[in-house]
Amino acid sequence: MYAKHLERLGIIAAVLILIAMVFAAHGAAEDDEPEIGFDAPDWVIAPFAVNTKINDIETDDIKGMHGQFDISFDPDVIKVTKIGPCNDKVEIINSDLENADEGKISVEFSVSTTKANRVLVEVTFDVVGDEKESCYLGISGSIYHRDGDEISAKWTGDTINIGSFDVTVNAPGRVPIHTFDADIDITGVENLSSGGFALSFDPSVINVTDVKPGKISGTEIELDHWEFKKDTNNTIIVFFNPKLDSGVNGSGTLATVIFDVIGGNGDSSILDIGEDVYAGDFSNTESDKLPINWINTTVTIDSAAPLPPNETDTYVYVRNLDDDKLTVFLFIDGDFIDGGLTDNKVSSGSTKKYSNYKLEEGLHTFGIKWYDFDTEEWHEKIKEYSVSGETDLVVIDTEEHADEDTKILARVYVKNLDDDALNVYLYIDDKYKKYETIEFDDTCEYEDDGYEFDEEALHAFKIEWFDPDTEEDYEKIIRSYITSEEAVTLYVENHLRANSSPYPINQRSTAAPHRNAYNRDAHRPITGRTPCR
């Protein structure tokens with residue numbers, strides 16, 4: 001019997017292995033399929049060309065290959081103006097522009113040699129849409145070997161975005177007779193990977209003495225180097241590289257250029273920024289060129305111009321006091337700061353540096369916002385801090401919020417062992433809470449939702465009552481360390497007249513000292529009060 005079971009298990013295992021091999025082979029076959037798609041820019045602002053290309057195909061399969069494909073697009077965003085071969089090894093057999101106005105073109109082609117370099121057809125487009133619009137380029141079709149057999153292939157589309165990114169020289173219009181800084185700012189960039197720019201000026205009025213790295217969304221933009229353009233004294237070339245695989249997104253400063261003032265009062269100079277062959281293009285993580293809108297400025301020397309405000313390099317840290325890891329968002333002066341963090345999660349009990357920020361000396365607000373999964377709520381903390389000096393440090397703490405299911409609270413119960421209905425007054429940590437009228441042998445819960453505390457601690461629970469038999473006030477105190485949701489029970493003991501036998505109880509209560517406070521029944525009438533059940 002045991003051998004038969006083993007044999008059956010062996011057969012099942014063999015079948016499972018065979019199925020796995022089939023699926024693996026199928027997946028590998030799909031991965032090995034040629035892919036036909038586009039070599040297209042991500043961002044455009046002017047007429048552009050798109051090449052169709054084929055990847056992952058054997059060289060011998062290219063010769064004599066022929067096929068047909070359709071390209072679809074949004075005719076309200078881009079418009080086809082030309083179709084042609086990418087090189088002289090590709091022949092366009094037929095192309096159909098008749099449906100271009102409806103957002104579709106068809107192309108039939110053939111390849112005569114293995115030297116076609118895997119690029120097939122070039123399609124030129126005009127931009128007819130508005131900035132911030134986008135258009136998906138779809139492609140589908142079929143390709144064949146020279147013997148007529150169809151080649152199985154994947155067809156992959158792409159997206160074209162309309163727009164450019166502003167790069168602005170940000171400098172004061174009037175500068176004092178000393179030195180000044182000009183920030184090179186960029187707005188709303190996406191996946192910036194590297195680039196460079198040229199900045200020209202009038203060397204008889206101002207001169208560059210240094211260039212410092214900037215920051216975009218809290219990420220420092222590392223400068224490769226800067227230099228004066230060869231054989232000039234009026235143009236510098238700046239090269240930068242954030243060195244991030246994912247690029248950098250958002251708005252900020254690429255670099256800060258520091259100038260000495262050379263000219264006299266009233267002299268002016270244009271700060272002319274632009275691209276340069278030697279500096280290279282702005283590119284994203286896919287090595288696509290990013291279109292840039294260059295914005296210049298002019299500075300004028302003015303001896304009466306105010307000196308620029310002092311700036312403090314402010315290092316901001318977030319400390320997580322909660323018992324869970326939190327995703328914490330930072331705001332400075334009400335503005336959201338990305339922080340440049342690929343992970344802005346802060347572990348419980350740890351402190352994370354977000355970045356350092358150039359802030360004018362003086363008072364600023366620093367805010368953090370986070371979602372707590374225990375309370376299922378957003379929480380916010382705002383701190384005002386005055387920064388000063390060359391450098392300063394700001395640490396902002398999150399707050400601990402306990403899980404709703406594990407609140408620190410006490411449910412207080414009072415049982416009346418006396419033979420009379422009594423008014424029993426509850427105090428917690430010497431603070432009066434409420435009173436209840438409790439009948440003989442009844443137990444009363446004083447607060448339906450319990451009494452909640454901010455932290456684990458030792459608390460004092462006291463009850464006071466007046467016994468009509470002995471005509472005395474009594475109190476009972478117990479102390480309990482509350483760490484979660486716990487029950488606290490206090491007992492009103494039976495006190496008989498002096499000539500009566502005592503009611504048996506485990507612990508005796510003490511007579512309360514007579515105080516004016518115990519004339520409280522005159523201030524808290526119980527007439528008509530419903531006894532606690």
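Nothing in this text is a laboratory measurement; each read-out follows from the coordinates by a stated rule. All values derive from a computational prediction rather than experimental measurement. Backbone-built Cβ (ideal geometry, glycine too); neighbour counts: all protein chains shown.
Provide 363, 490, 422, 137 in ascending order of the number of other Cβ atoms located within 10 Å of each residue's Cβ, fewest first.
363, 490, 137, 422
How far apart, in nanometres, would the label points at residue 353 and residue 68 be if each is projected 7 angstrom from Cα along the Cα-to-Cβ direction?
It is 6.3 nm.
I'd like the per residue volume of the convex hull spanned by the Cα atoms of segment 165-301, given in cubic angstrom.
In segment 165-301, the Cα hull volume divided by residue count equals 88 Å³.
Within the P(r) computed for segment 311-397, what percentage of the Cα pairs occupies the region above 20 Å?
31 percent
Name the shape class, rounded, prolate or oblate, that the alpha-carbon gyration tensor gives for segment 281-320, where a ≥ b ≥ c are the square roots of its eigenvalues, rounded holds for a/c under 1.5, and otherwise prolate holds if a/b is larger than b/c and oblate otherwise.
Because a/c hits 1.5 or more and a/b fails to exceed b/c, segment 281-320 counts as oblate.
All other residues with a Cβ under 12 Å from the Cβ of residue 42 taken together, and with Lys, Arg as +1 and Asp, Glu as -1, what is their net charge?
Once positives and negatives cancel, what remains is -4.
Taking the simple approach of a point 7 Å from Cα along Cα-to-Cβ for both residue 369 and residue 393, what is their distance in nm?
Inter-label distance under the simple model: 2.9 nm.
With 23 Å as the limit, write out which pairs from 132/212; 434/476; 212/353; 212/345; 353/381 have Cα-Cα distances beyond it, or answer none.
Check vs 23 Å cut-off fails for 132/212; 212/345.
Could you pull the Cα extents of segment 35-162 along its three principal axes, largest to smallest, in whole Å?
Computed over the Cα atoms, the extents are 46, 27, 24 Å.
In debye to the nearest 20, how big a dipole does segment 153-207 give about its Cα centre with +1 on each Lys and Arg Cβ and -1 on each Asp and Glu Cβ?
That gives segment 153-207 a dipole magnitude of about 100 debye.
Between segment 128-206 and segment 255-302, how far is it from one alpha carbon centroid to the other, in angstrom?
Here the two parts' Cα centres lie 17 Å apart.
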